[in-house]
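Below is one structure, written out as structure tokens, with a few remarks after it.
The values are calculated or read from the model by the stated rules, or taken from the named source; none is laboratory data. For clarity, every value in this text was computed on a predicted model and none was experimentally measured. For neighbour counting, all protein chains shown are included, and Cβ atoms are generated from backbone atoms with ideal geometry for every residue, glycine included.
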């Protein structure tokens, strides 16, 4: 038994007693863990079955292909309890700020929620990075279903404030890209490149405040 991890031992000891729904959950949990460490190409259905303590036939009973299993993980993460899809969902401070034209409140509230989400689920972020590097269709699906809608959401607010005369004329999507660039780069440093925070060791709150201020000082008209 030496050399097996705890998850594998647990799965093997209880596989006979698992219900169909629970077996599916274990397969998903195991696949998620392996995909986040090895990527799609580096993980086989045999690997998943072995680590989950089930047969490969059982994996295919629940998911007809590895691609179907991979896609199911994205759906699970979107619907899981407490894991809201977008930074504005159940974010009263953000909606309140938008309704009152509180520009700093909008970008700060968005930033703190986004940074917390990105850095609280490192395994999911790693899986997304792998999917992009491997040019798997899940990366395109995630971009279409999630990232593109963020551009639309924040872009609409920027456009509205430009019409109000508060923001200078810059393509809204360029503004959004600049803002998201700060957030994503910060999270990438904390997740992948500088885990020990040697270059910059600040809280997400401090980062959100500064990124919001930097953006607004670049696009806000002086008269505002």
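For residues that are closer than 24 Å to residue 104 by Cβ and surrounded by 12 or more Cβ atoms within 10 Å (Cβ to Cβ), tally how many sit in the range 190-203.
2
What number of residues within the range 120-155 satisfy the criterion of being at pLDDT below 85 and outside any helix (DSSP H, G or I)?
Total meeting the criteria: 3.
Suppose we filter 116, 152 for residues that are under 13 Å from the mean Cα position of the chain (by Cα) and closer than 29 Å to residue 71 by Cβ; which single one remains? Step through it out loud before you land on a result.
Details: 152 fails: under 13 Å from the mean Cα position of the chain (by Cα).
Testing whether each residue is under 13 Å from the mean Cα position of the chain (by Cα) and closer than 29 Å to residue 71 by Cβ leaves just 116.
Could you give every pair whose Cβ atoms fall below 6 Å, whose first residue belongs to the range 57-71 and is more than 13 Å from residue 137 (Cβ to Cβ), and whose second residue is outside any helix (DSSP H, G or I), counting only separations of at least 6 or pairs across chains?
Here the result reads 69/63, each pair linking the range 57-71 to a residue that is outside any helix (DSSP H, G or I).
What's the number of the condition residue 183 fails, among (1) in a helix (DSSP H, G or I); (2) closer than 18 Å to residue 106 by Cβ; (3) out of contact with any helix residue (DSSP H, G or I) (no Cβ under 7 Å at 6 or more places or on another chain)?
(3)
Could you tell me which of the residues 97, 111 is closer than 24 Å to residue 206 by Cβ, crowded, with 20+ Cβ neighbours inside 10 Å, over 20 Å from the mean Cα position of the chain (by Cα) and at pLDDT 85 or above?
None of the others qualify; the one that does is 97.
Need the failing condition index for residue 206 against (1) surrounded by 13 or more Cβ atoms within 10 Å (Cβ to Cβ); (2) in a helix (DSSP H, G or I), just the number.
(1)
Identify, please: which residue in the range 160-170 is surrounded by 15 or more Cβ atoms within 10 Å (Cβ to Cβ) and assigned to a helix (DSSP H, G or I) and is, among those, nearest to the chain's Cα centre (by Cα)?
Here the answer is 161.
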